[in-house]
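Participant: Below is one structure. I have some questions about it.
The values are calculated or read from the model by the stated rules, or taken from the named source; none is laboratory data. Since this is a predicted model, take the numbers as computed values, not measurements. Cβ coordinates were reconstructed from backbone atoms using ideal geometry, including for glycine residues, and neighbour counts include every protein chain displayed. These area figures cover heavy atoms from the full protein model, side chains too; ligands, DNA and RNA do not enter into them. Shrake-Rupley method; radii C 1.70, N 1.55, O 1.52, S 1.80 Å.
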Amino acid sequence: MREFSESWRVWRENYIPDWEAAGPDAEFDLHAGQSPLLPRGWVHNPYVADTGEGSVRLTFAIRERTPVWLAEKLIAGAIEEPAFRRIILPGEISGAALAERVHETRDALVRYLAALDVAELALLVRQGRRD
């Protein structure tokens, strides 16, 4: 999901010219005490129209939780298993050798996941100790 939900990872040089050509979808004039809430990913350009007034802009980025995020938590401890620390030689990253490594790794991953204590892992993730 990283490449689909974080603009800095998928930046394209045409973004700004395209946005400038399209113009804004909306404009808002805010007054003292007001604050907008923009969903993640909304392109915005805040500015102070009255330069005699002060302004503060805060951004709170809240990461969405997705099944891919949870899958990362599921495999986070795999590095502790010797099967996942075995070096893959350069000659094993092409052709039939690569297919065999993928097959072996998939099987090791299935065994690893099957042995997890799901209730314990869920508790660790909930407590933020499996980040």
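Participant: Has region 47-64 got at least one residue that is at pLDDT 75 or above, touching a Ser or Thr at 6+ places or on another chain (Cβ under 8 Å) and open to solvent by less than 100 Å² (accessible area, probe 1.4 Å)?
Facilitator: yes
Participant: Being within 27 Å of the chain's Cα centre (by Cα) and closer than 30 Å to residue 39 by Cα, is that true of even one residue in region 78-96?
Facilitator: No, region 78-96 contains no residue that is within 27 Å of the chain's Cα centre (by Cα) and closer than 30 Å to residue 39 by Cα.
Participant: Evaluate the following for residue 43: is it in contact (Cβ under 8 Å) with a residue 12 or more places away in the chain, under 30 Å from residue 117 (Cα atoms) and β-branched (Val, Ile, Thr)? Quick ask: steps written out before the conclusion?
Facilitator: On the way: in contact (Cβ under 8 Å) with a residue 12 or more places away in the chain: yes; under 30 Å from residue 117 (Cα atoms): no; β-branched (Val, Ile, Thr): yes.
In short, no.
Participant: Across region 76-97, which residue is farthest from residue 122 (Cα to Cα) among those that are of a type in the set (A, V, I, L, M) and in contact (Cβ under 8 Å) with a residue 24 or more places away in the chain?
Facilitator: 83
Participant: If I ask for residues that are open to solvent by less than 70 Å² (accessible area, probe 1.4 Å) and either touching a residue at least 24 places away in the same chain (Cβ under 8 Å) or under 22 Å from residue 46 (Cα atoms) (or both), which ones from region 65-75 would you list?
Facilitator: 66, 68, 69, 73, 74 - these are the residues of region 65-75 that are open to solvent by less than 70 Å² (accessible area, probe 1.4 Å) and either touching a residue at least 24 places away in the same chain (Cβ under 8 Å) or under 22 Å from residue 46 (Cα atoms) (or both).
Participant: Counting only residues that are open to solvent by 70 Å² or more (accessible area, probe 1.4 Å) and assigned to a helix (DSSP H, G or I), how many does region 118-131 have? Even if it seems obvious, please write down each step before you answer.
Facilitator: First, the residues of region 118-131 that are open to solvent by 70 Å² or more (accessible area, probe 1.4 Å): 118-120, 123, 126-127, 129, 131.
Add one more test, that the residue is assigned to a helix (DSSP H, G or I), and what stays is 118-120, 123, 126.
Qualifying residue count for the region: 5.
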